[in-house]
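Written below as structure tokens is the structure these notes are about.
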Amino acid sequence: MTDKRATLQARLEAAVGKAQVLTAAADTAPYLTDWRGRYHGRALAIVRPGTTAEVAEVVRACRETATPLVPQGGNTGHCGGATPDDSGDAVLLSLTRLNRLRAADPANGTLTVEAGMTLAAVQDAAAAAGLYFPLSLAAEGSCTIGGNIATNAGGTAVLRFGNTRELVLGLEVVLADGRVWDGLRGLRKDNTGYDLKQLFIGAEGTLGIVTAAVLKLFAAPRTRVTALVAVADVAAAVTLLGELKQALGDRLVGFELISAFALALSRKHQPRLPDPLPGHPWYALVEAHDSAADAPLAAMVEQALGAVLEAGTATDAALAQSGEQAAHLWELRENIAEAQRAEGPNVKHDISLPVSAIPAFLAEAAGALESAFPGLRFVTFGHLGDGNLHYNLAGPESVPAESFMANAGAINRIVHDLVAAHGGSISAEHGIGQMKTDELVRYKSALEIELMQRIKSALDPTCLLNPGKVLRQGADR
């Protein structure tokens, strides 16, 4: 071991305790591969601080020894944003031990939580306070709120409540020089200059390390209604969305688009789940909430669905008659990602478009892709209510997955060029990580890239925080 590494290890052990500095291969392995199994890295050590002060000391030690630092939450990301490179020069900072509820303030409608709390634990803490934290993801039992903040996670309730960015009132952040910015303010109005917290939300740990947050809570829903609605095509789904928004207003919380193939794939790997509306090409999974105790929500949803069926906007509908039935409908949707993983590699896209542009985009993309790669299979689903599609492509069953994946670059170019042509984004909720750094440079303007680089240089001048993520190293055009 070199003197520099020995000095660093000693400082890390002094900061967090020897037991929380992992170097044995068996101990470090779970942290060094991303959830999708696409990225594999190496690290000098996995460091597991238990307090913000310990995080700050680790950052100072890495800065003074010019050691790159890669922050990681629940390691459930999709773009390799929490996986180090294969140089073995970085320290991986796991924040899962920062998992405490610091304060609940029901009167102010806020929670103050540490970054390593799982999203499910945050939801439970909100419920214990008699309120509701609406961020919901398939990985909520494993992902951490710090990771959600770092990627500006979206999920299934963005239509009503917005992305993570809109649910955060304040942050505590360890900066690249080891200082701690205490911005843990539970204010909904604060016009005292630049809103600094917004720099760190969605920055994927490249500008600072979020260690705690003040989160916005809402009235707990007392009534929930879930329905699966069949439609003839995506244009009809867009029309259905507009009609249900008009009928239900803010009670409409979720509106998920699911293709027949995506639904069949989910059931293939979870055959115990129901098939309530077989034989239709497209489906919308609809969720409505009301916080009033005596709200006639079920009747309102039934009336709205009756109207769209009579108008021909929808072709059939199934209303969940119990909490168990509703949970099964959501399992059909949430299981799609795991089903894809079980099927083998596929080319994934996390894109957003104006809702009005989605039907045209899907038609143009299907035509271009089928012409270039005959027989490929479209696994299309996502949050139509906010314009976010998971537009994933599997190869023909007769083609080995590895051979099909060799076309990923050409497929991405077709998809992303069309997304840009329709005024969309190549990343809706999963971030950039290390997967999309080249794509970011291609689709962002030169001025946007310059401004992002200037912010990075100002906050992390030595580029030690999560290097190679979001901004390509030495990015030029």
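The values are calculated or read from the model by the stated rules, or taken from the named source; none is laboratory data. None of these values were measured; they are calculated from a predicted model. Cβ atoms come from the backbone with ideal geometry, glycine included; neighbour counts cover every protein chain shown.
Got at least one residue in the stretch 232-240 being assigned to a strand (DSSP E or B), among the hydrophobic types (A, V, I, L, M, F, W, C) and surrounded by fewer than 23 Cβ atoms within 10 Å (Cβ to Cβ)? Checking the stretch 232-240: not a single residue is assigned to a strand (DSSP E or B), among the hydrophobic types (A, V, I, L, M, F, W, C) and surrounded by fewer than 23 Cβ atoms within 10 Å (Cβ to Cβ). Please work out if GLY186 is in contact (Cβ under 8 Å) with a residue 12 or more places away in the chain, under 20 Å from ARG100 (Cβ atoms) and outside any strand (DSSP E or B). Here the answer is yes, as GLY186 does meet what is asked. Taking the residues in the stretch 335-358 that are among the acidic types (Asp, Glu) and at pLDDT below 95 as candidates, determine which candidate is surrounded by the fewest Cβ atoms within 10 Å (Cβ to Cβ). Among those that are among the acidic types (Asp, Glu) and at pLDDT below 95, it is GLU338. The condition of being out of contact with any Gly (no Cβ under 7 Å at 6 or more places or on another chain) and either in the same structural domain as LEU207 (by TED's automatic domain parsing) or small (Gly, Ala, Ser) (or both) holds for only one of GLY77, GLY88, GLY81, that being GLY88.
The selection criterion, being surrounded by fewer than 20 Cβ atoms within 10 Å (Cβ to Cβ), part of a helix (DSSP H, G or I) and out of contact with any Lys or Arg (no Cβ under 8 Å at 6 or more places or on another chain), holds for GLN246. Considering LEU332, LEU305, LEU362, LEU285, the condition of being within 22 Å of GLY423 (Cβ to Cβ), of a type outside the set (Val, Ile, Thr) and buried (at least 21 other Cβ atoms within 10 Å of the Cβ) is satisfied by LEU362 alone. Exactly one residue out of LEU447, LEU471, LEU451, LEU440 is assigned to a loop (DSSP other than H, G, I, E, B) and outside the structural domain of PHE373 (by TED's automatic domain parsing), and it is LEU471. What are the residues in the stretch 149-174 that are under 30 Å from ARG60 (Cβ atoms), touching a residue at least 60 places away in the same chain (Cβ under 8 Å) and of a type in the set (S, T, N, Q), if any? Those that are under 30 Å from ARG60 (Cβ atoms), touching a residue at least 60 places away in the same chain (Cβ under 8 Å) and of a type in the set (S, T, N, Q): THR151, ASN152. The number of residues in the stretch 97-117 being surrounded by 23 or more Cβ atoms within 10 Å (Cβ to Cβ) and touching a strand residue (DSSP E or B) at 6+ places or on another chain (Cβ under 6 Å) comes to 7. Only a single criterion out of (1) β-branched (Val, Ile, Thr); (2) in a helix (DSSP H, G or I); (3) touching a strand residue (DSSP E or B) at 6+ places or on another chain (Cβ under 8 Å) is not satisfied by ILE46, namely (2).
Exactly one residue out of THR52, THR23, THR83 is surrounded by fewer than 23 Cβ atoms within 10 Å (Cβ to Cβ), touching a residue at least 40 places away in the same chain (Cβ under 8 Å) and not charged (D, E, K, R): that is THR52. In the stretch 415-437, the qualifying residues are those that are small (Gly, Ala, Ser) and in a helix (DSSP H, G or I), and the one that is surrounded by the most Cβ atoms within 10 Å (Cβ to Cβ) is ALA420. Can you confirm whether PRO461 is touching a residue at least 12 places away in the same chain (Cβ under 8 Å), more than 23 Å from the chain's Cα centre (by Cα) and part of a loop (DSSP other than H, G, I, E, B)? Taking the combined requirement at face value, the residue satisfies it. Here ALA293 meets the list (1) more than 30 Å from THR112 (Cβ to Cβ); (2) surrounded by fewer than 15 Cβ atoms within 10 Å (Cβ to Cβ); (3) at pLDDT below 95 almost entirely, failing just condition (1).
Residues in the stretch 26-49 that are under 12 Å from SER94 (Cα atoms) and surrounded by fewer than 19 Cβ atoms within 10 Å (Cβ to Cβ) were compared, and the one that is farthest from the chain's Cα centre (by Cα) is THR28.
State which residue is farthest from ALA237 (Cα to Cα) when the search covers only the stretch 281-295 and only residues that are outside any strand (DSSP E or B) and in contact (Cβ under 8 Å) with a residue 12 or more places away in the chain. Top of the filtered list is ALA293. Test GLY109 against the stated conditions and say whether it is in contact (Cβ under 8 Å) with a residue 40 or more places away in the chain and closer than 24 Å to THR76 by Cβ. It is false that GLY109 is in contact (Cβ under 8 Å) with a residue 40 or more places away in the chain and closer than 24 Å to THR76 by Cβ. In the stretch 206-213 there is at least one residue matching the filter, namely being out of contact with any strand residue (DSSP E or B) (no Cβ under 6 Å at 6 or more places or on another chain), farther than 17 Å from THR76 by Cβ, in contact (Cβ under 8 Å) with a residue 60 or more places away in the chain and assigned by TED's automatic domain parsing to the domain that holds ASP105.
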